[in-house]
Amino acid sequence: HLATSLPLPSERDHLRPRIDLIVFMIDIKSKYSLKNVEASLTYVDASFFLGKVCFLVTGVGRVSACSIETSAICKLGEAYCSPVLFCELELEGIQVTTAQRLLRMLQICAGHIPGVSALSFVSLMRNSDDD
Amino acid sequence: ENVEPQKTAFLLRKAWTLYSVTPLYRFRRGRLRDYARLLSAFIAAEKQKGLAVEVGVELDIKVAVSSLADLGGSEQDQAAVLVQLSSRSRVSSRNSEDKLVWSGWFCSVHGDDLSENVPEDFTCLPLFLTHGAESYTSMVGSWFQKTFDCCFRRLAISPLNLSWMAAMWAGCKLDGAASAVELVFSMPRLSQPLDISYAIHPEDAKALWDTVQKTPGEITQEDVDVFMDCLYAHFHRHFKIHLSAAKLVKVSTAVASAHSDGIVKIIHSQYLPGVLMLLTELAISQIQ
């Protein structure tokens, strides 16, 4: 399901299936996309931040077109205890690998992979901070 | 910073194309005349090879290489090097004057980040600015690359850096009438290219910056973000367009103007060292 911002329209609430993973997309060339994501985050229930949220940053292929500081995005990821993935969706090969990564994460969040739950993402992040 | 205005006046009000340059190996300040001769011979040879610039009138290119007056900066900064190409038409050699056809200068203003970490035989002049035909730029660049084993790259300026320039320069104190602060945005993903030009009265821009800047004399990313957000919000209120989703491509102020393609025009002599310091920093970060 794709949305340009949150909250999702309430009229369709009863038809909507359970949401297992929320991917917030930020285009590094657009300051507006970061603001939009920051505003939408406030509509997300706290329970999602136990591994069911991730930030996907695209446009990193062109450093010269940057409108957002990467440190600002990393701080956002830290503040919300969620992983930040950097990619360049304008390249077809990277589109495919990114989709595969997200699909894998989704499988874990939906509980389809035995022995691994969404909470593992949170603990993975904490380990890299301690290094 | 006291920079002699007469000596650097020719640097002002010209559109300079920016490059980053890696340190020059075995560049000797005492050999500038030799370098001019060698470069002149190189250019003549290139022209013989048929890479001539002008078709028709035969032009002799005279090269002058000199050290440039103090541009402000630290003790560790190397003095700037100026290269000038002049032409004298062979046809009317009796009362012809040399005409300046191309100039380029290497400089470093507060480039300590780079010069501190470089071995002895290297001269650090990371910023290269050119004005004139691209063909001359590539000839001069090739000669320097061959002679001093350095590498030139066009310096692109990101929207992030352009917004720093907008905030810094809009906030400068200027005597007399200042020109408007103009920001040009390129709208993304349209079939026809569309640019939006946003002009702000210089006094309003300075007043806004003065309220935003938290510590006088210090500029933080947060200050710049708030400044730009105010401008975006104001524009949105009137035109319902989110400029923050567009790409900032050009900033023009009374102090200087800069384009994302790496083209800069410095207007106000008082702020020449400040602008050069910022550009030196950009050049160094592109090299590293």
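Here are B:64, B:52, B:79: which of them is at pLDDT below 60, surrounded by 13 or more Cβ atoms within 10 Å (Cβ to Cβ) and closer than 29 Å to residue B:22 by Cα?
B:52
Can you say whether residue B:141 is away from chain A (no Cβ under 14 Å) and assigned to a helix (DSSP H, G or I), as far as the supplied structure shows?
The answer is yes for residue B:141.
Quick check: anything in the stretch B:161-171 on the phi < 0 side of the Ramachandran plot, within 14 Å of chain A (Cβ to nearest Cβ) and assigned to a loop (DSSP other than H, G, I, E, B)?
No, the stretch B:161-171 has no match at all.
What are the residues in the stretch B:251-273 that are among the aliphatic types (A, V, I, L, M) and touching a helix residue (DSSP H, G or I) at 6+ places or on another chain (Cβ under 9 Å), if any?
Answer for the stretch B:251-273, where residues must be among the aliphatic types (A, V, I, L, M) and touching a helix residue (DSSP H, G or I) at 6+ places or on another chain (Cβ under 9 Å): B:251, B:254, B:255, B:256, B:258, B:264, B:266, B:272.
Look through the stretch B:236-281, keep the residues that are within 13 Å of another protein chain (Cβ to nearest Cβ) and touching a Phe, Trp or Tyr at 6+ places or on another chain (Cβ under 6 Å), and return whichever of them is surrounded by the most Cβ atoms within 10 Å (Cβ to Cβ).
Taking the candidates together, the pick is B:248.
Residues are listed down the side, and each one gets a yes or a no for (1) under 21 Å from residue B:276 (Cα atoms); (2) modelled with pLDDT under 95; (3) of a type outside the set (S, T, N, Q):
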position: B:129; (1), (2), (3): yes, no, yes
position: B:133; (1), (2), (3): no, yes, yes
position: B:136; (1), (2), (3): no, yes, yes
position: B:139; (1), (2), (3): no, yes, yes
position: B:145; (1), (2), (3): no, no, no
position: B:210; (1), (2), (3): no, yes, yes
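Determine whether the stretch B:85-97 contains at least one residue that is in contact with a Phe, Trp or Tyr (Cβ under 8 Å, 6 or more places away or on another chain) and either more than 21 Å from residue B:12 (Cα to Cα) or not charged (D, E, K, R) (or both).
Within the stretch B:85-97, one or more residues are in contact with a Phe, Trp or Tyr (Cβ under 8 Å, 6 or more places away or on another chain) and either more than 21 Å from residue B:12 (Cα to Cα) or not charged (D, E, K, R) (or both).
Cβ contacts < 7 Å: first residue more than 21 Å from residue B:273 (Cα to Cα), restricted to the stretch B:168-190; second residue among the polar types (S, T, N, Q) and crowded, with 17+ Cβ neighbours inside 10 Å, any location; separation 6+ or different chain. Result?
If the second residue must be among the polar types (S, T, N, Q) and crowded, with 17+ Cβ neighbours inside 10 Å, the pairs left are B:182/B:252.
Residues to consider are A:58, A:97; find the one that is among the polar types (S, T, N, Q) and in contact with a Leu (Cβ under 6 Å, 6 or more places away or on another chain).
Step by step, each of A:58, A:97 is checked, and only A:58 is among the polar types (S, T, N, Q) and in contact with a Leu (Cβ under 6 Å, 6 or more places away or on another chain).
Between a residue in the stretch B:126-149 that is in the same structural domain as residue B:26 (by the TED database) and any residue that is polar (S, T, N, Q) and part of a helix (DSSP H, G or I), which pairs come within a Cβ distance under 8 Å, given they are 6 or more apart or on different chains?
Within 8 Å, the pairs are B:126/B:280; B:127/B:280; B:130/B:137.
Do you know which residues across the stretch A:32-61 are aromatic (Phe, Trp, Tyr) and either buried (at least 18 other Cβ atoms within 10 Å of the Cβ) or free of Cβ contacts under 8 Å to residues at least 24 places away in the same chain (or both)?
Selection gives A:32, A:48, A:55.
Restricting to the stretch B:6-29, give me the number of residues that are under 14 Å from residue B:145 (Cβ atoms) and without any contact (Cβ under 8 Å) to a residue 24 or more places away in the chain.
Going through the stretch B:6-29 one residue at a time, the tally reaches 0.
Of everything in the stretch A:62-87, what is assigned to a loop (DSSP other than H, G, I, E, B), in contact (Cβ under 8 Å) with a residue 12 or more places away in the chain and surrounded by 14 or more Cβ atoms within 10 Å (Cβ to Cβ)? Give them in sequence order.
Selection gives A:66, A:67, A:68, A:80, A:81, A:82, A:83, A:87.
Would you please name the residue that is surrounded by the most Cβ atoms within 10 Å (Cβ to Cβ), looking only at residues in the stretch B:95-138 that are touching a helix residue (DSSP H, G or I) at 6+ places or on another chain (Cβ under 7 Å) and assigned to a helix (DSSP H, G or I)?
Of everything passing the filter in the stretch B:95-138, B:114 is surrounded by the most Cβ atoms within 10 Å (Cβ to Cβ).
Out of A:103, A:89, A:50, A:85, report the one residue that is within 15 Å of the chain's Cα centre (by Cα), within 14 Å of another protein chain (Cβ to nearest Cβ) and more than 25 Å from residue B:232 (Cα to Cα).
A:89
Which condition number does residue A:26 fail, the rest of (1) within 14 Å of chain B (Cβ to nearest Cβ); (2) farther than 30 Å from residue B:258 by Cα; (3) surrounded by 11 or more Cβ atoms within 10 Å (Cβ to Cβ); (4) of a type in the set (Val, Ile, Thr) being met?
It fails just one condition, (2).
The values are calculated or read from the model by the stated rules, or taken from the named source; none is laboratory data. Predicted model only: the values in this text are computed from it and were never measured. Reconstructed Cβ throughout: ideal geometry from the backbone, glycine too, with neighbour counts over all protein chains shown.
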